[in-house]
Amino acid sequence: MKIAVCDDEEVQCVLLSDYLKEWGKRRGIFTEISCFPSGESFLFSWEEDAFDLLIFDIEMGALSGMSLAGKIRKENEDIPILFITGYDQYMAQGYEVAALHYLLKPVHKEKLFEVLDGMLRRRKPEEKLVFPAMEGHILLPACQIWYVEAMGHDCLLCTAEEKRQIRISMGEMLKRLGDKKEFVQCHRSYLVNLQHISAIARAEIVLDDGTKLPISRRMYREVNEAFIRNYKRHDFPNTL
């Protein structure tokens, strides 16, 4: 999910980015967050970037968040827009541009999560992949897969809750998940989701829950570069 945050207060941008990253990690959603210090800087990027959610502060400089939303609605009637403000006087105007919701500062993390969860329920469900298992089939979105481990001619599919043996080879899993930017092969027997990596050492990868996976010398550079790209997308928002 690509999210744009437009707020002229850097502290607020950082706070919202941290909340959004935590929400995405908890929900198993690959999130890419871009921050903009003004409505003008956002519009400069709007033509090139396709976002899934817009978060606008209402009280900004020459171009307010409400005016910015009005411009966006002339081109796109469907994209969700969430307003953040220190005053409740703008609520009626928010309805005029079909705002997703309206949150008062200081933003409470739990309330933000509630709004985002509600948005997800109204969205088209993420496509689920079908994996043949020993006792039938497993339907699972790719984002919920933490890593895949080769087991002879089969694989072990590992999520946050369980590990399930599936009747697919590692070669076939590479075909299914290799084109997804959040997955990288770290060892001939392991395919890992970058979203759930917390650290990389010379000989191993550490996941968010403490699980350690081996990393081969041959694949170290590719994995490390992919991890850095992913880290920058999530921890260093773009500021124009």
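Since every read-out is calculated from the coordinates, none of them should be taken as a lab result. Here the structure is a predicted model, which is why all the values come from computation and not from measurement. Cβ sites come from the backbone with ideal geometry, for glycine too, and all protein chains shown count toward neighbours.
Tell me which residues come under 5 Å, amide H to amide H, from Trp146 once H is placed; ignore anything under 5 positions away on its chain.
For Trp146, whose amide H was placed from the backbone, the distant partners under 5 Å are Cys158, Thr159, Ala160.
So how tilted is helix 220-235 from the main axis of the chain? Cα-based, degrees 0 to 90, rounded to 10.
Taking the Cα atoms of the chain, the angle to 220-235 is about 20 degrees.
How large is the charge dipole for the chain, taken about the Cα centre, if only the Cβ atoms of Lys, Arg (+1) and Asp, Glu (-1) carry charge, to the nearest 20 debye? Write out the running numbers ahead of the final one.
Numbers: 32 positive and 38 negative charges, 228 e Å.
Rounded to the nearest 20 debye, it is 1100 debye.
Which value, in debye to the nearest 20, describes the size of the charge dipole of the stretch 115-180 about its Cα centre when Lys and Arg Cβ atoms bear +1, Asp and Glu Cβ atoms bear -1, and nothing else is charged? Don't skip to the answer; put the middle values down first.
Values: 11 positive and 10 negative charges, 67 e Å.
My answer is approximately 320 debye.
Report the per residue volume, in Å³, of the convex hull enclosing the C-alpha atoms of the chain. Mind showing how you got there, number by number?
Working: hull volume 32.7 nm³, N = 240.
Output value, Cα hull per residue: 136 Å³.
What percent do you get for the relative contact order of the chain when only Cα pairs under 8 Å and 6+ apart count? Don't jump to the answer; show the numbers that get you there.
On the way: 373 pairs, mean separation 36.8, N = 240.
Over the chain, the number comes to 15 percent.
By a straight-distance test (C-alpha under 29 Å), which lysines pair with Lys128 as possible cross-link partners, with residues fewer than eight away in the same chain excluded?
Result set, ordered by chain and number: Lys2, Lys21, Lys25, Lys109, Lys111, Lys163, Lys175, Lys180, Lys181, Lys212, Lys232.
Could you tell me what percent of the DSSP beta bridges with both partners in the chain are antiparallel, to the nearest 5? Display every interim value, and only then the final one.
On the way: 28 of 45 bridges.
Restricted to the chain, the bridges split so that about 60 percent are antiparallel.
Cα axis of helix 10-27 to longest principal axis of the chain: angle in degrees, 0 to 90, nearest 10?
40
Kindly point out, ordered by number, any Cys in the chain whose beta-carbon has no other cysteine beta-carbon under 4.7 Å away.
Cys6, Cys143, Cys155, Cys158, Cys186
Please give the FRET efficiency for Arg217 paired with Glu75, using the beta carbon to beta carbon distance and R0 = 51 Å, rounded to the nearest 0.05. If you can, show how the numbers build up before the last one.
Values: r = 50 Å, r/R0 = 0.97.
After rounding, the FRET efficiency stands at 0.55.
Expressed as an acute angle from 0 to 90° and rounded to the nearest 10, what is the orientation of the C-alpha long axis of helix 65-75 relative to the principal long axis of the chain?
Tilt relative to the chain: about 70 degrees.
Tell me which of Leu116, Ser189, Val206 sits at the most positive position along the dipole axis of the chain, charges placed on C-beta atoms (Lys, Arg +1; Asp, Glu -1).
Farthest along the dipole direction, towards plus: Ser189.
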